[in-house]
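A.B. asks: Handing you this structure, nothing more for now.
The values are calculated or read from the model by the stated rules, or taken from the named source; none is laboratory data. Predicted model, so just to flag it, every value in this text is computed and none were measured. Heads up, the Cβs are rebuilt from the backbone with ideal geometry, glycines too, and the neighbour counts pull from every protein chain shown.
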Amino acid sequence: MTSTLPARARCFSGIQPSGAVHIGNDLGAIRNYVALQDRFESIYCIVDFHALTSTHDPEAMRQRTREMAAALLALGLDPARCTLFVQSHRPEVTELMWLFTTVTPVGWLQRTPTYKEKRANQPDDLNHGLLTYPVLQAADIVLYKASVVPVGKDQAAHLELSREIVRAFNSRYGETFPEPQAVYTEAPVVLGTDGVKKMSKSVGNTIPVFAPEDEIRRTIMGMVTDTLRIRRTDPGHPERCNVCQLHRFYGDDYEEIWEGERTARTGCVDTKKLLAERLLRHYAPARERYAELMAHPATLDAILEEGADRLKPIVDATMAEVRAKMGLR
Ligand code: AQP
(Lines give C-alpha, C1' and ligand atoms only; values in the text may rest on other atoms or scores of the structure.)
Protein backbone atom coordinates (compact mmCIF):
# COMPACT_ATOMS: atom_id res chain seq x y z
CA MET A 1 0.00 0.00 0.00
CA THR A 2 2.78 2.44 0.89
CA SER A 3 4.43 1.97 -2.53
CA THR A 4 1.67 4.13 -4.11
CA LEU A 5 2.45 7.07 -1.83
CA PRO A 6 4.94 9.82 -2.63
CA ALA A 7 8.24 9.41 -0.80
CA ARG A 8 7.90 12.83 0.82
CA ALA A 9 4.49 12.03 2.30
CA ARG A 10 4.15 12.62 6.03
CA CYS A 11 3.44 9.74 8.35
CA PHE A 12 1.60 10.17 11.66
CA SER A 13 0.41 7.83 14.37
CA GLY A 14 -0.67 8.14 17.98
CA ILE A 15 -0.57 5.80 20.94
CA GLN A 16 -2.39 6.23 24.24
CA PRO A 17 -0.42 6.40 27.50
CA SER A 18 -3.23 4.39 29.06
CA GLY A 19 -1.14 1.48 30.36
CA ALA A 20 1.85 -0.70 29.63
CA VAL A 21 2.91 -1.32 26.02
CA HIS A 22 1.95 -4.84 24.97
CA ILE A 23 3.00 -7.11 22.13
CA GLY A 24 -0.24 -6.23 20.25
CA ASN A 25 0.91 -2.62 20.13
CA ASP A 26 4.36 -3.68 18.97
CA LEU A 27 3.37 -6.27 16.34
CA GLY A 28 0.33 -4.31 15.12
CA ALA A 29 1.71 -0.78 15.02
CA ILE A 30 5.09 0.07 16.57
CA ARG A 31 7.03 -2.20 14.20
CA ASN A 32 5.65 -0.13 11.36
CA TYR A 33 6.41 3.17 13.15
CA VAL A 34 10.05 2.04 13.24
CA ALA A 35 10.12 0.78 9.64
CA LEU A 36 8.46 3.87 8.21
CA GLN A 37 10.61 6.46 9.99
CA ASP A 38 13.21 6.19 7.22
CA ARG A 39 10.72 6.13 4.39
CA PHE A 40 8.53 9.15 5.28
CA GLU A 41 8.74 12.31 7.32
CA SER A 42 7.42 10.59 10.43
CA ILE A 43 5.65 12.09 13.44
CA TYR A 44 4.65 9.94 16.42
CA CYS A 45 2.48 11.17 19.22
CA ILE A 46 1.72 10.02 22.76
CA VAL A 47 -1.95 10.92 22.82
CA ASP A 48 -2.58 11.99 26.40
CA PHE A 49 -5.74 13.97 25.52
CA HIS A 50 -7.24 10.71 24.22
CA ALA A 51 -6.11 8.78 27.31
CA LEU A 52 -8.01 11.25 29.53
CA THR A 53 -11.22 9.51 28.48
CA SER A 54 -10.11 6.58 30.66
CA THR A 55 -7.21 7.76 32.89
CA HIS A 56 -8.30 10.18 35.59
CA ASP A 57 -5.30 10.11 37.93
CA PRO A 58 -2.83 12.96 37.11
CA GLU A 59 0.19 11.16 38.59
CA ALA A 60 -0.59 8.00 36.61
CA MET A 61 -0.94 10.11 33.46
CA ARG A 62 2.49 11.74 33.96
CA GLN A 63 4.17 8.42 34.75
CA ARG A 64 2.55 6.52 31.86
CA THR A 65 3.44 9.28 29.41
CA ARG A 66 7.12 8.91 30.33
CA GLU A 67 6.88 5.13 30.23
CA MET A 68 5.33 5.26 26.78
CA ALA A 69 8.09 7.57 25.53
CA ALA A 70 10.75 5.22 26.93
CA ALA A 71 8.97 2.21 25.40
CA LEU A 72 8.77 3.74 21.91
CA LEU A 73 12.40 4.82 21.97
CA ALA A 74 13.51 1.44 23.34
CA LEU A 75 11.62 -0.36 20.56
CA GLY A 76 13.42 1.62 17.87
CA LEU A 77 12.11 5.15 17.40
CA ASP A 78 15.04 7.47 16.85
CA PRO A 79 14.54 11.21 17.55
CA ALA A 80 17.12 11.94 14.83
CA ARG A 81 14.94 10.18 12.21
CA CYS A 82 11.41 10.96 13.43
CA THR A 83 9.59 13.37 15.69
CA LEU A 84 8.21 12.07 18.98
CA PHE A 85 6.03 14.36 21.08
CA VAL A 86 3.11 14.50 23.51
CA GLN A 87 -0.28 15.52 22.12
CA SER A 88 -1.04 18.12 24.80
CA HIS A 89 2.29 19.86 24.14
CA ARG A 90 0.84 21.08 20.80
CA PRO A 91 -2.64 22.06 22.07
CA GLU A 92 -3.56 23.70 18.74
CA VAL A 93 -4.99 20.27 17.86
CA THR A 94 -7.97 20.97 20.12
CA GLU A 95 -8.83 24.09 18.09
CA LEU A 96 -8.73 22.07 14.86
CA MET A 97 -10.84 19.41 16.51
CA TRP A 98 -13.53 21.97 17.38
CA LEU A 99 -13.52 23.26 13.82
CA PHE A 100 -13.91 19.68 12.56
CA THR A 101 -16.85 19.02 14.89
CA THR A 102 -18.76 21.62 12.90
CA VAL A 103 -18.51 19.52 9.72
CA THR A 104 -19.08 16.15 11.44
CA PRO A 105 -22.64 14.81 11.77
CA VAL A 106 -23.27 13.32 15.23
CA GLY A 107 -24.68 10.16 13.58
CA TRP A 108 -21.23 9.34 12.15
CA LEU A 109 -19.77 9.31 15.68
CA GLN A 110 -22.64 7.37 17.21
CA ARG A 111 -22.13 4.64 14.64
CA THR A 112 -18.45 3.95 15.38
CA PRO A 113 -17.93 0.40 16.73
CA THR A 114 -15.80 1.54 19.71
CA TYR A 115 -18.42 4.04 20.83
CA LYS A 116 -21.18 1.45 20.52
CA GLU A 117 -19.08 -1.00 22.53
CA LYS A 118 -18.35 1.55 25.29
CA ARG A 119 -22.03 2.53 25.41
CA ALA A 120 -23.00 -1.11 25.89
CA ASN A 121 -20.23 -1.97 28.39
CA GLN A 122 -20.05 1.17 30.53
CA PRO A 123 -23.37 3.06 30.20
CA ASP A 124 -22.77 4.91 33.50
CA ASP A 125 -19.30 6.12 32.54
CA LEU A 126 -19.81 7.44 29.04
CA ASN A 127 -18.00 10.78 28.87
CA HIS A 128 -18.37 13.04 25.86
CA GLY A 129 -14.73 12.41 24.87
CA LEU A 130 -15.58 8.81 24.03
CA LEU A 131 -18.05 10.03 21.42
CA THR A 132 -15.86 12.80 19.98
CA TYR A 133 -12.63 10.77 20.05
CA PRO A 134 -12.52 10.16 16.25
CA VAL A 135 -12.81 13.90 15.52
CA LEU A 136 -9.75 14.56 17.68
CA GLN A 137 -8.04 11.67 15.92
CA ALA A 138 -8.76 13.21 12.50
CA ALA A 139 -7.36 16.54 13.75
CA ASP A 140 -4.26 14.79 15.14
CA ILE A 141 -3.42 13.37 11.75
CA VAL A 142 -4.19 16.23 9.41
CA LEU A 143 -2.84 19.05 11.59
CA TYR A 144 0.45 17.78 10.11
CA LYS A 145 -1.15 17.07 6.70
CA ALA A 146 -0.08 13.46 7.15
CA SER A 147 -1.37 10.90 4.67
CA VAL A 148 0.27 7.68 5.93
CA VAL A 149 -1.05 6.28 9.22
CA PRO A 150 0.46 3.06 10.63
CA VAL A 151 -2.16 1.48 12.94
CA GLY A 152 -3.67 -1.85 13.91
CA LYS A 153 -6.83 -3.09 12.19
CA ASP A 154 -8.95 -2.03 15.19
CA GLN A 155 -8.40 1.53 14.01
CA ALA A 156 -9.80 0.92 10.49
CA ALA A 157 -13.25 2.38 11.23
CA HIS A 158 -11.73 5.46 12.90
CA LEU A 159 -9.43 6.01 9.95
CA GLU A 160 -12.35 5.76 7.55
CA LEU A 161 -14.15 8.36 9.65
CA SER A 162 -11.07 10.62 9.50
CA ARG A 163 -11.23 10.38 5.73
CA GLU A 164 -14.91 11.30 5.74
CA ILE A 165 -14.29 14.29 7.99
CA VAL A 166 -11.48 15.45 5.71
CA ARG A 167 -13.76 15.07 2.67
CA ALA A 168 -16.52 17.02 4.42
CA PHE A 169 -14.09 19.83 5.31
CA ASN A 170 -12.48 19.94 1.86
CA SER A 171 -15.84 20.01 0.12
CA ARG A 172 -17.13 22.87 2.29
CA TYR A 173 -13.98 25.04 2.46
CA GLY A 174 -11.88 23.91 -0.53
CA GLU A 175 -9.11 21.35 -0.93
CA THR A 176 -7.01 21.68 2.24
CA PHE A 177 -6.08 18.26 3.64
CA PRO A 178 -4.91 14.95 2.11
CA GLU A 179 -7.06 11.90 2.90
CA PRO A 180 -5.13 9.74 5.37
CA GLN A 181 -4.48 6.08 4.50
CA ALA A 182 -4.04 3.31 7.07
CA VAL A 183 -0.94 1.12 6.74
CA TYR A 184 -0.98 -2.30 8.42
CA THR A 185 1.71 -4.73 9.52
CA GLU A 186 1.67 -8.50 8.97
CA ALA A 187 -0.11 -8.76 12.35
CA PRO A 188 -2.99 -6.29 11.99
CA VAL A 189 -4.99 -7.93 14.81
CA VAL A 190 -3.16 -9.65 17.66
CA LEU A 191 -5.41 -11.68 19.94
CA GLY A 192 -5.05 -11.51 23.71
CA THR A 193 -4.13 -14.16 26.27
CA ASP A 194 -7.75 -15.37 26.19
CA GLY A 195 -7.22 -16.32 22.52
CA VAL A 196 -10.54 -14.72 21.59
CA LYS A 197 -10.56 -10.94 22.00
CA LYS A 198 -8.16 -8.39 20.56
CA MET A 199 -5.21 -7.88 22.90
CA SER A 200 -6.08 -4.66 24.65
CA LYS A 201 -5.13 -2.79 27.82
CA SER A 202 -8.75 -2.12 28.68
CA VAL A 203 -9.67 -5.82 28.40
CA GLY A 204 -6.68 -6.85 30.53
CA ASN A 205 -5.60 -9.71 28.24
CA THR A 206 -2.17 -8.34 27.32
CA ILE A 207 1.41 -9.63 27.28
CA PRO A 208 3.35 -6.57 28.41
CA VAL A 209 6.75 -6.00 26.78
CA PHE A 210 8.53 -4.31 29.70
CA ALA A 211 7.09 -6.14 32.74
CA PRO A 212 9.40 -8.21 34.99
CA GLU A 213 10.50 -11.49 33.37
CA ASP A 214 8.61 -13.73 35.78
CA GLU A 215 5.38 -11.79 35.13
CA ILE A 216 5.80 -12.26 31.37
CA ARG A 217 6.48 -16.00 31.82
CA ARG A 218 3.47 -16.37 34.11
CA THR A 219 1.23 -14.51 31.67
CA ILE A 220 2.30 -16.69 28.74
CA MET A 221 1.95 -19.91 30.73
CA GLY A 222 -1.60 -18.84 31.61
CA MET A 223 -2.64 -18.30 27.98
CA VAL A 224 -5.64 -20.11 26.53
CA THR A 225 -4.48 -22.45 23.75
CA ASP A 226 -6.36 -24.98 21.64
CA THR A 227 -9.64 -25.54 23.51
CA LEU A 228 -10.49 -28.61 21.39
CA ARG A 229 -7.38 -30.46 22.55
CA ILE A 230 -8.26 -32.24 25.79
CA ARG A 231 -5.34 -34.66 26.32
CA ARG A 232 -1.63 -34.12 25.62
CA THR A 233 -1.77 -36.98 23.09
CA ASP A 234 -4.71 -35.50 21.11
CA PRO A 235 -3.75 -34.04 17.72
CA GLY A 236 -3.99 -30.23 17.94
CA HIS A 237 -5.55 -27.45 15.88
CA PRO A 238 -2.71 -24.94 15.52
CA GLU A 239 -4.90 -22.61 13.46
CA ARG A 240 -7.03 -22.12 16.60
CA CYS A 241 -4.09 -21.71 18.97
CA ASN A 242 -2.99 -18.14 19.61
CA VAL A 243 0.29 -19.30 21.18
CA CYS A 244 1.18 -21.12 17.97
CA GLN A 245 0.14 -18.09 15.91
CA LEU A 246 2.42 -15.81 17.93
CA HIS A 247 5.44 -18.02 17.19
CA ARG A 248 5.20 -16.67 13.65
CA PHE A 249 6.73 -13.40 14.90
CA TYR A 250 9.40 -14.66 17.28
CA GLY A 251 11.28 -17.33 15.33
CA ASP A 252 11.82 -18.77 11.86
CA ASP A 253 10.50 -22.30 12.40
CA TYR A 254 6.78 -21.55 12.62
CA GLU A 255 5.86 -24.40 10.21
CA GLU A 256 7.69 -26.90 12.42
CA ILE A 257 5.90 -25.64 15.53
CA TRP A 258 2.58 -25.85 13.69
CA GLU A 259 3.33 -29.43 12.63
CA GLY A 260 4.40 -30.36 16.17
CA GLU A 261 1.06 -29.19 17.57
CA ARG A 262 -0.94 -30.76 14.78
CA THR A 263 0.63 -34.20 15.21
CA ALA A 264 0.73 -34.02 19.05
CA ARG A 265 4.54 -34.30 18.93
CA THR A 266 4.54 -31.23 21.20
CA GLY A 267 2.11 -30.20 23.93
CA CYS A 268 0.65 -26.79 24.70
CA VAL A 269 2.94 -26.38 27.72
CA ASP A 270 6.04 -26.93 25.52
CA THR A 271 4.81 -24.37 22.98
CA LYS A 272 4.13 -21.81 25.71
CA LYS A 273 7.52 -22.30 27.40
CA LEU A 274 9.25 -21.86 24.06
CA LEU A 275 7.24 -18.72 23.30
CA ALA A 276 8.18 -17.20 26.68
CA GLU A 277 11.89 -17.91 26.06
CA ARG A 278 11.84 -16.52 22.54
CA LEU A 279 9.80 -13.47 23.38
CA LEU A 280 12.12 -12.57 26.28
CA ARG A 281 15.15 -13.11 24.08
CA HIS A 282 13.63 -11.01 21.29
CA TYR A 283 12.88 -8.08 23.59
CA ALA A 284 16.02 -8.33 25.78
CA PRO A 285 17.90 -5.43 24.08
CA ALA A 286 14.77 -3.22 24.13
CA ARG A 287 14.15 -4.06 27.79
CA GLU A 288 17.69 -3.01 28.62
CA ARG A 289 17.31 0.29 26.74
CA TYR A 290 13.95 0.88 28.44
CA ALA A 291 15.50 0.55 31.92
CA GLU A 292 18.27 2.99 30.95
CA LEU A 293 15.81 5.53 29.54
CA MET A 294 13.53 5.31 32.58
CA ALA A 295 16.55 6.05 34.77
CA HIS A 296 16.97 9.39 32.95
CA PRO A 297 13.57 11.14 33.00
CA ALA A 298 15.09 14.56 32.21
CA THR A 299 16.48 13.18 28.93
CA LEU A 300 13.07 11.75 28.03
CA ASP A 301 11.35 15.05 28.82
CA ALA A 302 13.88 16.94 26.68
CA ILE A 303 13.28 14.63 23.68
CA LEU A 304 9.50 15.16 23.97
CA GLU A 305 9.80 18.95 24.35
CA GLU A 306 12.16 19.18 21.40
CA GLY A 307 9.70 17.13 19.34
CA ALA A 308 6.80 19.49 20.12
CA ASP A 309 8.96 22.56 19.35
CA ARG A 310 10.03 21.12 16.02
CA LEU A 311 6.38 20.83 14.94
CA LYS A 312 5.40 24.44 15.64
CA PRO A 313 6.05 25.82 12.12
CA ILE A 314 3.92 23.05 10.50
CA VAL A 315 1.11 23.62 12.99
CA ASP A 316 1.19 27.41 12.58
CA ALA A 317 1.01 27.10 8.79
CA THR A 318 -1.93 24.64 8.87
CA MET A 319 -3.90 26.66 11.40
CA ALA A 320 -3.35 29.95 9.54
CA GLU A 321 -4.64 28.34 6.35
CA VAL A 322 -7.65 26.78 8.08
CA ARG A 323 -8.63 29.94 9.96
CA ALA A 324 -8.42 31.97 6.74
CA LYS A 325 -10.52 29.45 4.81
CA MET A 326 -13.18 29.39 7.51
CA GLY A 327 -13.38 33.19 7.76
CA LEU A 328 -11.94 33.39 11.25
CA ARG A 329 -9.10 35.84 10.62
N1 AQP B 1 -4.27 -6.30 19.62
C2 AQP B 1 -3.77 -5.48 18.72
N3 AQP B 1 -3.42 -5.93 17.50
C4 AQP B 1 -2.90 -5.08 16.57
N5 AQP B 1 -2.71 -3.76 16.80
C6 AQP B 1 -3.06 -3.27 18.00
N7 AQP B 1 -3.02 -2.04 18.53
C8 AQP B 1 -3.51 -2.08 19.79
N9 AQP B 1 -3.88 -3.31 20.10
C10 AQP B 1 -3.61 -4.09 19.01
C11 AQP B 1 -2.53 -0.85 17.86
O12 AQP B 1 -1.62 -0.20 18.73
C13 AQP B 1 -1.73 1.21 18.55
C14 AQP B 1 -1.96 1.88 19.88
O15 AQP B 1 -3.25 1.51 20.36
P16 AQP B 1 -3.94 2.08 21.64
O17 AQP B 1 -3.18 3.20 22.20
O18 AQP B 1 -5.39 2.29 21.36
O19 AQP B 1 -3.76 0.80 22.57
P20 AQP B 1 -4.73 -0.32 23.08
O21 AQP B 1 -3.87 -1.36 23.69
O22 AQP B 1 -5.73 -0.73 22.05
O23 AQP B 1 -5.41 0.54 24.20
P24 AQP B 1 -6.67 0.30 25.03
O25 AQP B 1 -6.55 1.17 26.21
O26 AQP B 1 -6.87 -1.13 25.27
O27 AQP B 1 -7.78 0.84 24.10
P28 AQP B 1 -9.03 0.09 23.53
O29 AQP B 1 -9.71 -0.56 24.68
O30 AQP B 1 -9.82 1.22 22.93
O31 AQP B 1 -8.54 -0.90 22.50
C32 AQP B 1 -2.90 1.43 17.57
O33 AQP B 1 -2.40 1.64 16.28
C34 AQP B 1 -3.65 0.13 17.63
O35 AQP B 1 -4.35 -0.13 16.43
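A.B. asks: If Arg218 passes every condition in (1) loosely packed, with under 13 Cβ neighbours inside 10 Å; (2) in the same structural domain as Leu275 (by TED's automatic domain parsing); (3) over 30 Å from Ser54 (Cα atoms) but one, which one does it miss?
C.D. replies: Only one criterion in (1) loosely packed, with under 13 Cβ neighbours inside 10 Å; (2) in the same structural domain as Leu275 (by TED's automatic domain parsing); (3) over 30 Å from Ser54 (Cα atoms) is unmet by Arg218, namely (3).
A.B. asks: If you don't mind, there's one more thing I want to ask. Inside the stretch 185-236, can you point out the residues that are among the charged types (D, E, K, R), modelled with pLDDT of 95 or more and near the ligand (Cβ under 9 Å from one of its atoms)?
C.D. replies: Listed by number, the residues that qualify are Lys197, Lys198.
A.B. asks: Among what's in the stretch 174-184 and is more than 12 Å from the ligand (Cβ to nearest atom) and under 19 Å from the mean Cα position of the chain (by Cα), pick the residue that is farthest from Gln137 (Cα to Cα).
C.D. replies: Gln181
A.B. asks: Could you count how many residues in the stretch 15-50 are within 8 Å of the ligand (Cβ to nearest atom) and small (Gly, Ala, Ser)?
C.D. replies: Qualifying residue count, the stretch 15-50: 5.
A.B. asks: Looking for whichever is out of contact with any helix residue (DSSP H, G or I) (no Cβ under 9 Å at 6 or more places or on another chain), in a helix (DSSP H, G or I) and closer than 30 Å to Lys201 by Cα here; the options are Ala284, Ala320. Which one fits?
C.D. replies: Ala284
A.B. asks: Restricting to the stretch 110-152, name every residue that is out of contact with any helix residue (DSSP H, G or I) (no Cβ under 6 Å at 6 or more places or on another chain), in a loop (DSSP other than H, G, I, E, B) and touching a residue at least 40 places away in the same chain (Cβ under 8 Å).
C.D. replies: Result: Asn127, Lys145, Ala146, Ser147.
A.B. asks: Still on this structure, please answer the following. For Thr185, indicate whether it is out of contact with any Ser or Thr (no Cβ under 9 Å at 6 or more places or on another chain) and in contact (Cβ under 8 Å) with a residue 60 or more places away in the chain.
C.D. replies: When the stated conditions are applied, Thr185 passes them.
A.B. asks: Ok, one more. Name every residue in the stretch 153-190 that is part of a loop (DSSP other than H, G, I, E, B) and not polar (S, T, N, Q), in order of residue number.
C.D. replies: Of everything in the stretch 153-190, those that are part of a loop (DSSP other than H, G, I, E, B) and not polar (S, T, N, Q) turn out to be Gly174, Glu175, Phe177, Pro178, Glu179, Pro180, Tyr184, Glu186, Ala187, Pro188, Val189, Val190.
A.B. asks: On to the next question. Any chance the stretch 224-240 includes a residue that's part of a helix (DSSP H, G or I) and out of contact with any Phe, Trp or Tyr (no Cβ under 9 Å at 6 or more places or on another chain)? Reasoning before the result, please.
C.D. replies: Restricting attention to the stretch 224-240, the residues satisfying the condition of being part of a helix (DSSP H, G or I) are 238-240.
Filter again for out of contact with any Phe, Trp or Tyr (no Cβ under 9 Å at 6 or more places or on another chain), leaving 240.
Yes, there is a match, as at least one residue in the stretch 224-240 is part of a helix (DSSP H, G or I) and out of contact with any Phe, Trp or Tyr (no Cβ under 9 Å at 6 or more places or on another chain).
A.B. asks: Mind listing just one residue for me: the one in the stretch 116-146 that is of a type outside the set (A, V, I, L, M) and crowded, with 19+ Cβ neighbours inside 10 Å and, of those, farthest from the ligand (Cβ to nearest atom)? First the steps, then the outcome.
C.D. replies: First, the residues of the stretch 116-146 that are of a type outside the set (A, V, I, L, M): 116-119, 121-125, 127-129, 132-134, 137, 140, 144-145.
Applying the additional criterion that residues be crowded, with 19+ Cβ neighbours inside 10 Å yields 118, 132-134, 137, 140, 144.
Values: Lys118: 8, Thr132: 14, Tyr133: 9, Pro134: 12, Gln137: 10, Asp140: 12, Tyr144: 16 Å.
Step by step, filter the stretch 116-146, then rank; the result is Tyr144.
A.B. asks: Any chance the stretch 114-133 includes a residue that's under 30 Å from Cys82 (Cβ atoms), out of contact with any Leu (no Cβ under 6 Å at 6 or more places or on another chain) and of a type in the set (Asp, Glu)?
C.D. replies: Scanning the stretch 114-133, I find no residue that is under 30 Å from Cys82 (Cβ atoms), out of contact with any Leu (no Cβ under 6 Å at 6 or more places or on another chain) and of a type in the set (Asp, Glu), so the answer is no.
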